[in-house]
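Derivation of every value follows stated rules applied to the coordinates shown; laboratory data play no part. Everything quoted here is computed from the prediction, not taken from an experiment. Note that each Cβ is placed from the backbone with ideal geometry, even for glycine, and that neighbours are counted across all protein chains shown.
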Amino acid sequence: MANSVGLIESKGLVALIEAADVILKNSPAKILGIHKLDNGLVSLAISGNSDYVKAAIEAGTEAGKRVGEIYSSAVIDNPTKELIKLFRDLFPDEVVVNEVVNEIVIEKVDEQINLKTDTSELTELLKPTIKFESKREKSKPILVTQVKPVIKIKKPNTKQKDKPELKISLPSDTVETKSEPENIIEIKNDKSLSTIERLRQEALGLVDKKTQVKESEVSTKKKVENIESKKIEIANSDVDIDAIKNMNVHKLRNYARQFPAFPIKGREISRANREELVELFKSISKK
Amino acid sequence: MTFESLGIIETSSVSASLKTLSGIAKEKEIEIVGKQILGGGIVTLFIKGELGAIKRAISFGKDSLDLKSDFRSSNIIPLPHQQLLLKFGMEKL
């Protein structure tokens, strides 16, 4: 780091000694020396890391102001060689000043060495960095691709869910009160939807009443047709007399109810005995 | 184990410093380490000893001064750093 010099000036030794004591106790900065001026002014110089020097001089001035008069304080970052020569004249603690000079020189040399080492080892240093970068480049997109598709899959589902519900629910309110052509639009909308969505809507009760009614009419017509066809089939089909002989009374009654052309109906079947039912079946089968 | 602490008294003239010395002499458990004569008549006295003795000595020194203008300031450092007095050109405590 940058070597810097800090200065405190006070009138009287008390404040300066207090400041020096605080600095010595609380910071690694070195005290270069004390210089006596005329008229009771004394100045103290310290050196060290710029941060340490700044902190030390703040603490020293605060401590000194409690006790005596501190005139001024200053921090000089990266003093030039000429300034250090002046300091050497002002503060006769030569060893410390020489150390400061040596430190600065050593720092510069270290920087040069570092630069040289950087240039010499560039190829060796760059390889691992490139590897790390490649790993990051590989790893990041994989993470992104892992994350994005999930979102892509989720989003369209929600959209498909939301939009049709809105489309259907809005016309349904209008249709119940208003005219027929909107019914047609509805039906078209229904046709455009897929069967799964229709089922969903039916389950949720979203389908309109009129359409349900129409569907129910259609379904009833179909049921009637089915039933008629069944009647014809049953009328045409012969009664299994062998099966009837093995049946219970209850089974015979149920069997009789399946035949629309059975002479007895309703409660008469339930009141009838087994023998009566068998005779009736025989009469049907003969016809 | 007794820790020796440092007391500093600063006066604005040599005669005032002599008055303080006569006041300090009442307390016998302290030792006068040295003096510094700055410019402008400012004289600083350094005393060492136990903390309570130094407090008493400084109070006696203040009392012995007649004028308020003679006394500048005083300070007690209970546990001075080892290099402190070396930096100020005085012997080690």
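Quick notes
- In loop segments of chain B as defined by DSSP, the chymotrypsin sites (Phe, Trp or Tyr not before Pro) with at most 10 further C-beta atoms inside 10 Å of their C-beta are B:Phe3.
- Within the listed set B:Ser69, B:Ser22, B:Ser12, the Gaussian network model of chain B (springs between alpha-carbon atoms below 10 Å) gives the highest mean-square fluctuation for B:Ser69.
- Rounded to the nearest 10 degrees, the inclination of helix B:51-64 to the longest alpha-carbon principal axis of chain B is 10 degrees.
- Within-12-Å neighbourhood charge of B:Ala53 [Cβ basis; K, R +1; D, E -1]: 0
- The simple spin-label model puts a point 7 Å past each Cα toward its Cβ; for B:Lys55 and B:Ser13 those points are separated by 3.2 nm.
- Computed from label points 7 Å out along Cα-Cβ, the spacing between A:Asn254 and A:Lys36 is 12.9 nm.
- Rough spin-label spacing in nm, given labels placed 7 Å along Cα→Cβ, for B:Lys35 and A:Glu62: 3.6
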